[in-house]
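> Sharing a structure, written as structure tokens. Questions coming.
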Amino acid sequence: MEPFSCDTFVALPPATVDNRIIFGKNSDRLCDEVQEVVYFPAAVHNNLGEHLKCTYIEIDQVPETYAVVLSRPAWLWGAEMGANEHGVCIGNEAVWGREEVCDEEALLGMDLVRLGLERADTAEKALNVIVDLLEKYGQGGNCTEGRMVFSYHNSFLIADRNEAWILETAGKYWAAEKVQEGVRNISNQLSITTKIDREHPDMRNYAKRKGWWDGKKEFDFAAAYSYLDTAKMMTSSGRYCEGYKLLKKHKGNITFETMMEILRDKPSGINMEGEFLTTASMVSILPQDSSLPCIHFFTGTPDPERSVFKPFIFVPHISQLLDTSSPTFELEDLVKKKSHVKPDRRHPLYQKHQLALEVVHNNEEKAKIMLDNMRKLEEELFREMESILQNKHLDVEKIVNLFPQCTKDEIQIYQSNVSS
């Protein structure tokens, strides 16, 4: 089983319906790691002499940051996936290859996800932010909390209302592929081959110096920087291939519900179980019509098949997402300094979700009732969101509390099953 086996997807017209770009990601992490859904408002930073503290290192701050909603492991600064107020979405993946992974503390790939969202109003600008930071600060550091030490390089899928970019890295070297139509996915392997739209200026020379490329045949990034036989990449039984098959199967008719079905698919391994499991999921609707709002759905709980996708829309004065925000601890700095203390980071939704699953575990009837109620809530939310997109009408006063209210409705379902 591949650890930290995330999968990120994007579908663009004509693969989708209603001129929408659909983004989706499953975050697969250690089974006891809590993922929270948090919102940070836009901010102006006047004192640029102050540094920004990321998970491990401090970096230069910028004059302005955009509002973001993030799904992130509760112990760190960055995010596994998220979106900003301009309709930019980013998800990252762990990747390995020939270039040695650096254990030295630098920026985590998850830090780069958040920084890209906070500092860029288009997908390509987010790519620029990430590669500039990669060049300046590097990537590295432990990607888990506690005793286990685990480091990796990163790939990113970055999307906005108009296009998507795949960015894959090996140390400070990188290649990027622009996606303007159809479907694309990334998993835990390099996947950019010969279609390279942007690259690190020394990326080919470095591969040549290392003996990974002879400088004569057509340059293939994944073949040079990893051990993959790229000719067999699309016919293997791995999750990258399985994910692509699921996208291709629905090509031309992909909706946000389709993307959720893909994230819930267990036979393919996309919805992961075991020591490493799908700890949180996200799906976003990015309409190409800029008069329509982008809608971002998050679970904030493990296993999308047994979770509710709840919608979030950026409007002014968003209510804080208290039921999906984990507690903070005075021990925070101690934990980040490799302490073996692992605090209880379960937020209210996570606690109720896990308790309800334990209660119904050996009761098929209760389990069915609870799942039926979860799906009814979801279907009602989907109808409401579709109505907003079709009628172009947004009740801002209601949307301010949209995600928090949906979370409370979900918690109510769990509480009623536990108490009955």
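The values are calculated or read from the model by the stated rules, or taken from the named source; none is laboratory data. Since we're looking at a predicted model, the values are computed, not measured. Neighbour counts run over all protein chains shown; Cβ positions are idealised from the backbone, glycine included. Accessible surface is based on the protein model in full, side chains and every heavy atom, while ligands, DNA and RNA are left aside. Shrake-Rupley method; radii C 1.70, N 1.55, O 1.52, S 1.80 Å.
> Do we have Ala11 as over 30 Å from Pro348 (Cα atoms), buried (at least 18 other Cβ atoms within 10 Å of the Cβ), small (Gly, Ala, Ser) and in contact (Cβ under 8 Å) with a residue 60 or more places away in the chain here?
yes
> Looking at Glu50, Glu33, which is the one that is touching a strand residue (DSSP E or B) at 6+ places or on another chain (Cβ under 8 Å) and charged (D, E, K, R)? Let's see the steps before the verdict.
Details: Glu50 fails: touching a strand residue (DSSP E or B) at 6+ places or on another chain (Cβ under 8 Å).
The match here is Glu33.
> Quick check: is even one residue across segment 43-53 modelled with pLDDT of 95 or more and within 30 Å of Tyr244 (Cβ to Cβ)?
No, because not a single residue in segment 43-53 is modelled with pLDDT of 95 or more and within 30 Å of Tyr244 (Cβ to Cβ).
Per-residue answers, yes or no, for (1) modelled with pLDDT under 95; (2) of a type in the set (Val, Ile, Thr):
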| residue | (1), (2) |
| --- | --- |
| Asp32 | yes, no |
| Val38 | no, yes |
| Ile59 | no, yes |
| Tyr66 | no, no |
| Leu70 | no, no |
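> Among the strands (runs of 3 or more DSSP E) contained in segment 158-227, which hold 1 or more residues that are hydrophobic (A, V, I, L, M, F, W, C) and closer than 18 Å to Val129 by Cα? If you could, list the steps in order and put the result at the bottom.
Working: elements: 164-170, 173-179, 182-186.
In segment 158-227, 164-170, 173-179 are the strands (runs of 3 or more DSSP E) which contain 1 or more residues that are hydrophobic (A, V, I, L, M, F, W, C) and closer than 18 Å to Val129 by Cα.
> From the list Ser281, Ser268, exactly one residue is in a loop (DSSP other than H, G, I, E, B), open to solvent by less than 40 Å² (accessible area, probe 1.4 Å) and among the small types (Gly, Ala, Ser). Which is it?
It is Ser268.
> Another one. Determine if segment 131-143 includes at least one residue that is hydroxyl-bearing (Ser, Thr, Tyr) and assigned to a helix (DSSP H, G or I).
yes
> Which ones in segment 368-400 are of a type in the set (S, T, N, Q) and surrounded by 14 or more Cβ atoms within 10 Å (Cβ to Cβ)?
Selection gives Asn373 alone.
> Can you tell me which residue among Ala175, Ala170, Ala106, Ala126 is over 25 Å from Arg209 (Cβ atoms) and among the small types (Gly, Ala, Ser)?
Working: Ala175 fails: over 25 Å from Arg209 (Cβ atoms); Ala170 fails: over 25 Å from Arg209 (Cβ atoms); Ala106 fails: over 25 Å from Arg209 (Cβ atoms).
Step by step, each of Ala175, Ala170, Ala106, Ala126 is checked, and only Ala126 is over 25 Å from Arg209 (Cβ atoms) and among the small types (Gly, Ala, Ser).
> State all residues of segment 407-418 that are open to solvent by 90 Å² or more (accessible area, probe 1.4 Å) and among the polar types (S, T, N, Q); if no residue qualifies, say none.
Result: Gln412, single match.
> Something else now. Considering Leu157, Leu133, Leu167, which residue is within 22 Å of the chain's Cα centre (by Cα), within 18 Å of Val101 (Cβ to Cβ) and crowded, with 23+ Cβ neighbours inside 10 Å?
Result of the check over Leu157, Leu133, Leu167: Leu167.
> Of all residues in segment 39-54, count the ones that are in contact (Cβ under 8 Å) with a residue 40 or more places away in the chain and within 18 Å of Gly109 (Cβ to Cβ).
The total comes to 1.
> May I pose another question? In the list Pro348, Pro404, which residue meets the criterion of being surrounded by 11 or more Cβ atoms within 10 Å (Cβ to Cβ), of a type outside the set (Val, Ile, Thr), touching a residue at least 60 places away in the same chain (Cβ under 8 Å) and closer than 30 Å to Gln288 by Cα?
Numbers: Pro348 fails: closer than 30 Å to Gln288 by Cα.
Unique residue meeting the criteria: Pro404.
> List pairs: first in segment 129-158 and touching a residue at least 60 places away in the same chain (Cβ under 8 Å) and closer than 16 Å to Ile59 by Cβ, second of a type in the set (A, V, I, L, M) and in a loop (DSSP other than H, G, I, E, B), Cβ under 7 Å, 6+ apart or cross-chain?
Between residues of segment 129-158 that are touching a residue at least 60 places away in the same chain (Cβ under 8 Å) and closer than 16 Å to Ile59 by Cβ and residues that are of a type in the set (A, V, I, L, M) and in a loop (DSSP other than H, G, I, E, B), the close pairs are Tyr137/Ile57; Tyr137/Ala106; Gly141/Ala106; Gly141/Leu108.
> Right, another one. Exactly one condition in (1) open to solvent by less than 30 Å² (accessible area, probe 1.4 Å); (2) over 24 Å from Arg346 (Cα atoms) is not met by Ala74; state its number.
Only one criterion in (1) open to solvent by less than 30 Å² (accessible area, probe 1.4 Å); (2) over 24 Å from Arg346 (Cα atoms) is unmet by Ala74, namely (2).
> Contact list please: Cβ distance under 9 Å, first residue in segment 169-196 and more than 30 Å from Asp18 (Cα to Cα) and without any contact (Cβ under 8 Å) to a residue 60 or more places away in the chain, second residue of a type outside the set (D, E, K, R) and assigned to a strand (DSSP E or B), pairs at least six apart or on different chains.
Lys172/Gln139; Trp174/Leu167; Ala175/Ile166; Ala175/Leu167; Ala175/Thr169
> Considering only strands (runs of 3 or more DSSP E) fully contained in segment 14-100, which possess at least 1 residues that are within 22 Å of the chain's Cα centre (by Cα)?
Hits in segment 14-100: 20-30, 35-40, 51-53, 68-73, 81-84, 89-95.
> Next question. So Asp220 passes all but one of these: (1) crowded, with 18+ Cβ neighbours inside 10 Å; (2) touching a Ser or Thr at 6+ places or on another chain (Cβ under 7 Å); (3) under 24 Å from Lys25 (Cα atoms). Which condition number does it fail?
(3)
> Would you be able to tell me the number of residues in segment 77-103 that are under 19 Å from Thr324 (Cα atoms) and open to solvent by 10 Å² or more (accessible area, probe 1.4 Å)?
The qualifying residues number 1.
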